[in-house]
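We did not get these values from a lab; they are worked out from the coordinates using the rules stated. What you see is a predicted model, and the numbers here were worked out from it, not measured in a lab. Quick reminder, even Gly has a Cβ in these numbers, built from the backbone with ideal geometry, and neighbours come from all protein chains shown.
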């Protein structure tokens with residue numbers, strides 16, 4: 001590689017994993033894999049201090065609840081929508097999928113608006129998403145959350161079956177918020 005070539009910045013998942021391993025390197029009771037998977041939330045809670053409060057709150061919320069934690073960096077590029085409109089739309093879309101979700105906002109973000117979803121302390125996507133991409137990813141994120149909860153034995157197969165059946169979604173409310 002030449003000196004003037006730029007190296008690609010690691011994605012959000014890689015950066016968060018590296019942060020956990022650096023912070024927890026003194027803890028020899030667990031392997032690195034355990035620190036990043038089965039004990040991830042404990043490692044985050046015990047060792048990582050987030051400077052971005054909305055980012056840390058969303059991760060913590062996803063660790064403490066069977067729910068998706070959402071970080072929303074609200075930039076000046078929202079047009080006619082307010083941050084509250086986006087929050088309501090995201091939370092309603094998850095509610096339609098019978099998944100609890102909570103949005104944590106960083107107001108007046110200089111880099112433009114961006115969204116990240118967290119399940120059990122792990123980012124669902126490798127990088128930040130646009131608001132439109134986030135809204136279009138809710139169903140996939142919800143399905144992934146259910147499978148992760150089942151795999152981690154946080155829910156039983158019977159609970160999963162009841163959860164998937166749910167009740168009638170409220171699509172019209174979400175559409176009305178976005179029109």
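Summary of computed values
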read-out: Filter result (farther than 13 Å from residue 70 by Cα and part of a loop (DSSP other than H, G, I, E, B)) within the stretch 95-112; value: 97, 98, 107, 108, 109, 110, 111, 112
read-out: Subset of the stretch 113-162 [at positive phi and in contact with a strand residue (DSSP E or B) (Cβ under 9 Å, 6 or more places away or on another chain)]; value: 121
read-out: Complete set of residues in the stretch 18-49 that are part of a loop (DSSP other than H, G, I, E, B), surrounded by 16 or more Cβ atoms within 10 Å (Cβ to Cβ) and touching a helix residue (DSSP H, G or I) at 6+ places or on another chain (Cβ under 8 Å); value: 24, 48
read-out: Of all residues making up the stretch 116-163, the number that are farther than 25 Å from residue 20 by Cα, without any contact (Cβ under 8 Å) to a residue 24 or more places away in the chain and not in a helix (DSSP H, G or I); value: 2
read-out: Residue in the stretch 70-81 that is touching a residue at least 12 places away in the same chain (Cβ under 8 Å), assigned to a helix (DSSP H, G or I), in contact with a strand residue (DSSP E or B) (Cβ under 9 Å, 6 or more places away or on another chain) and surrounded by 15 or more Cβ atoms within 10 Å (Cβ to Cβ) present; value: no
